[in-house]
Amino acid sequence: MNKQTETVLSYHNRTKHSLERYAKGPESIDWEDQPDQFRRFSGCEIVTLPLPGAELEPSFADLDKPETIPARPLNLMNAGLLLELAFGLSAWKQYGPSRWALRCNPSSGNLHPTEVYLISPRDSFIKSGVYHYVSHDHSLEQRCRFEGILPDSDILIGLSSIHWREAWKYGERAYRYCQHDLGHALGALRYAAATLGWSVELLAEWSDDDIAKLLGLDRDDFKKQEHESPDIICRINTQSETMPLDIKALLENAQSGTWFGKADSLRAYHMYKWPVIDEVSIAASKPQTEEPEWQTVQQQVIQSSCTKSATQIIRQRRSAQQFDGKMSPMQQTDFYRMLAAVMPATAAFELWRWPPKIHLFIFVHRVEGLAPGIYALPRDHDALAKLQAATLADFDWQKVSKAIPLYHLYSGDCRQIAKTLSCHQPIASDSAFSLGMVAEFGETIEAAPWQYRRLFWECGLIGQTLYLEAEAAGLRGTGIGCYFDDSVHELLGIKDDKLQSLYHFTVGKPLEDKRLETLPAYGHLGGVV
Ligand SMILES: Cc1cc2nc3c(=O)[nH]c(=O)nc-3n(C[C@H](O)[C@H](O)[C@H](O)COP(=O)(O)O)c2cc1C
């Protein structure tokens, strides 16, 4: 086993929560000292985007057939909508003197470690260069002006993470959460693009070093602990015919371009240090790689009964803080639709270029026509035998649906166990169902340690789909990053690291907290939504 693989596995093991102890985190938190959620670069020219909040025609159900949605022209308005619907503010919440922003993409602890860049390869609706998106102001800060001009007429979106922003609250486990959030961000980007009739192509071949060069993350413009780690570049295909991207020329443009601005300090006092996060980040950094062709093959999924517009569903997405534990069972058709939507080769996963490595183990509590108990959804036919071999021998593996590969494993009331396993959180038991996302883990990491991140991204992508599907079914979801890793494995009979649970999720009927006031997302800019 090479050193990087060892470092990644050791990080994963030491950041497991267990019934006896939580992973290492800060002993106390000073909320006054929370890192600024909104990064800004001083000294850049600002491009103000048109006021957000426009309603677009496509219904949420239309997103199943993205080819039927007419592509909108690439201009400042539509690029702004892409950024808003993926990463913009969705509301402000207020309780007494406290006020906090929510965004279209969720984030563990609402800390938002993900930063977003737009790259315009040529002068078009915006001057060529690299821009940083400030969701609070719905504006772009021009970080770099390219000298050369490329023929490419599409835009790129670059994503990075400020690990420390997350570690401030969650300590050593924070690196995992940054990766989950990145997966959610990819999902959010895909839904936003599809609503505009565009698609997202992951330029997954790129090395982290090259991403850093393009986004200017390797520059001396950041306070030391507040630097950004490169994650991924996505190409937004806004037209059916696209030209091949000249990566070398693009990087040369960034390197010979004129850079502006310095990152403002995130203000917080750096009291705790978490060196294992830097260690795992280095060990899991990605070289340039060859990747399978991007294919946009899509399977027809069970039809959504949602009649709302896509923009409505995207903007209303929230995490439930509490569920109605006395809800009547959710409809079976909605449950099957939600699971069908997270299968690979569906529209929501068109950007994912690899065979699925994440499979679901579901605690059904309240679903019409299904016995409460444990169920499994292998997301890949080839995984079925692996999952059967690595879990309890007395699971019965009876297929319960023709439309999706859902298998019944065990009947019984799992509410208490689901709650205990998810760090005693009632959201895992008062819901209609909760689930663990189990990864094909050991062999994947041994083959390439940087794939550790990709496994979490896949989980985040599934989570984002479930969030939106839950809203579409009149329910609500919540991501669950806090769970007792090895207790989950024990319950399922998983004995080694071939399989590991990497994320939990729950869906049910939400209870609103009436004490909280909801304010419009962009009221501070004069908007009404
Ligand atoms: C990766 C991830 C892990 C999360 N873990 C939990 C959790 O363990 N418990 C919980 O109540 N909420 C959890 N959440 C929900 C966040 O707290 C929520 O997304 C955040 O407060 C922003 O609120 P919003 O989703 O309503 O926009 C998680 C969200 C994400 C994306």
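The values are calculated or read from the model by the stated rules, or taken from the named source; none is laboratory data. Keep in mind that this is a model prediction, so the values were computed, not measured. Positions of Cβ are backbone-derived with ideal geometry, glycine not excepted, and every protein chain shown enters the neighbour counts.
For this structure, a couple of remarks:
- Region 406-425 - residue that is more than 23 Å from Thr478 (Cβ to Cβ) and crowded, with 19+ Cβ neighbours inside 10 Å and, of those, nearest to the ligand (Cβ to nearest atom): Leu409
- Selected residue [surrounded by fewer than 23 Cβ atoms within 10 Å (Cβ to Cβ), in the same structural domain as Leu245 (by TED's automatic domain parsing) and aliphatic (A, V, I, L, M)] from Leu63, Leu85, Leu102: Leu102
- Scope region 76-99; condition free of Cβ contacts under 8 Å to residues at least 24 places away in the same chain and either of a type in the set (Ser, Thr, Tyr) or within 12 Å of the ligand (Cβ to nearest atom) (or both); matching residues: Ser98
- Some residue of region 106-114 being in a strand (DSSP E or B), modelled with pLDDT of 95 or more and closer than 21 Å to Trp259 by Cα: no
- Within region 310-330, the set of residues being touching a residue at least 40 places away in the same chain (Cβ under 8 Å), more than 16 Å from the ligand (Cβ to nearest atom) and either under 14 Å from Asp64 (Cβ atoms) or in a loop (DSSP other than H, G, I, E, B) (or both) comprises Ala310, Met327, Pro329.
- Hey, Lys402 out of contact with any Ser or Thr (no Cβ under 7 Å at 6 or more places or on another chain) and assigned to a loop (DSSP other than H, G, I, E, B) or not: yes
- Taking every residue in region 102-115 that is closer than 15 Å to Arg173 by Cα and pairing it with any residue that is near the ligand (Cβ under 8 Å from one of its atoms) and in a helix (DSSP H, G or I), at least 6 positions away or on another chain, the pairs with Cβ-Cβ distances below 6 Å are Ser107/Asp181; Ser108/Tyr177; Pro113/Asp181.
- Residue in region 273-289 that is within 30 Å of Leu516 (Cα to Cα), of a type outside the set (Ser, Thr, Tyr) and part of a loop (DSSP other than H, G, I, E, B) present: no
- Among (1) part of a helix (DSSP H, G or I); (2) within 15 Å of the ligand (Cβ to nearest atom), the one test that Trp164 misses: (2)
- Scanning region 100-125 for residues that are more than 16 Å from the chain's Cα centre (by Cα) and either under 24 Å from Ile29 (Cα atoms) or within 16 Å of the ligand (Cβ to nearest atom) (or both) yields a count of 2.
- Any hit, region 460-477, residues being within 12 Å of the ligand (Cβ to nearest atom), farther than 28 Å from His138 by Cα, of a type in the set (Gly, Ala, Ser) and touching a strand residue (DSSP E or B) at 6+ places or on another chain (Cβ under 7 Å): no
- Qualifying residue in region 338-360 (condition: over 22 Å from the mean Cα position of the chain (by Cα) and either closer than 20 Å to Ser501 by Cα or crowded, with 22+ Cβ neighbours inside 10 Å (or both)): no
- Per-region count, region 389-399, residues closer than 14 Å to Lys495 by Cβ and not in a loop (DSSP other than H, G, I, E, B): 2
- The single residue among Ala439, Ala403, Ala448 that is outside the structural domain of Ser161 (by TED's automatic domain parsing) and within 16 Å of the ligand (Cβ to nearest atom) turns out to be Ala439.
- Any hit, region 160-173, residues being in contact with a helix residue (DSSP H, G or I) (Cβ under 8 Å, 6 or more places away or on another chain) and at positive phi: no
- When each of Tyr22, Tyr11 is tested for being aromatic (Phe, Trp, Tyr) and in a helix (DSSP H, G or I), the lone residue that passes is Tyr11.
- Flag if Leu189 is touching a helix residue (DSSP H, G or I) at 6+ places or on another chain (Cβ under 6 Å) and hydrophobic (A, V, I, L, M, F, W, C): yes
- Enumeration of residues in region 217-231 that are out of contact with any helix residue (DSSP H, G or I) (no Cβ under 7 Å at 6 or more places or on another chain) and either surrounded by 15 or more Cβ atoms within 10 Å (Cβ to Cβ) or not assigned by TED's automatic domain parsing to the domain that holds Leu74 (or both): Leu217, Arg219, Asp221, Phe222, His227, Glu228
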